[in-house]
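Notes follow the structure.
The values are calculated or read from the model by the stated rules, or taken from the named source; none is laboratory data. Because the structure is predicted, anything quoted here is derived from the model rather than measured. Cβ placement follows ideal geometry from the backbone for every residue including glycine, while neighbour counts extend to all protein chains displayed.
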Amino acid sequence: MENADVYDSYLKKELFPRLQRELTEHGYKGFHVLRLNRGTEVEFVTMVWFTSLQAVQSFAGDNYESPVISEKAHTLLSRYADRCDHYQLTGFHWPTSLSIG
């Protein structure tokens with residue numbers, strides 16, 4: 001739990017800005033970070049948005065289902081998934097009156 005705020009900050013201030021710079025030409029569109037306190041641990045789910053699966057494969061190649069965990073993230077995480085799942089977005093609605101602080 002002690003590294004949760006540091007990891008959250010790392011994602012938003014370092015990792016995702018770098019992805020914006022380096023992967024926009026490969027279809028990168030943005031991210032969502034979900035965070036859940038689970039007793040003595042904090043769980044994160046990151047959703048990274050690309051224009052298509054083919055866009056992901058254009059930079060990740062055949063290993064597109066293998067997560068890339070930076071050295072810094074390794075030091076902050078107690079564990080992480082050994083596989084990336086890629087979903088197709090089939091619907092979305094975000095009310096214009098809804099805002100997130």
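Details
- The set of residues in segment 46-100 that are of a type in the set (D, E, K, R) and either touching a residue at least 24 places away in the same chain (Cβ under 8 Å) or not in a loop (DSSP other than H, G, I, E, B) (or both) comprises Asp62, Glu71, Lys72.
- Test result for Val6, of a type in the set (A, V, I, L, M), surrounded by 10 or more Cβ atoms within 10 Å (Cβ to Cβ), in contact (Cβ under 8 Å) with a residue 40 or more places away in the chain and not in a loop (DSSP other than H, G, I, E, B): yes
- Selection status of Glu43, touching a Cys at 6+ places or on another chain (Cβ under 8 Å) and of a type in the set (Asp, Glu): no
- Within segment 66-79, the set of residues being surrounded by 13 or more Cβ atoms within 10 Å (Cβ to Cβ) and farther than 14 Å from Leu15 by Cα comprises just one member, Leu77.
- Flag for Leu36 being closer than 29 Å to Gly91 by Cα, at pLDDT 95 or above and surrounded by 11 or more Cβ atoms within 10 Å (Cβ to Cβ): no
- Candidates are the residues of segment 47-69 that are touching a helix residue (DSSP H, G or I) at 6+ places or on another chain (Cβ under 7 Å) and of a type in the set (Ser, Thr, Tyr); the one that is nearest to Ala4 (Cα to Cα) is Tyr64.
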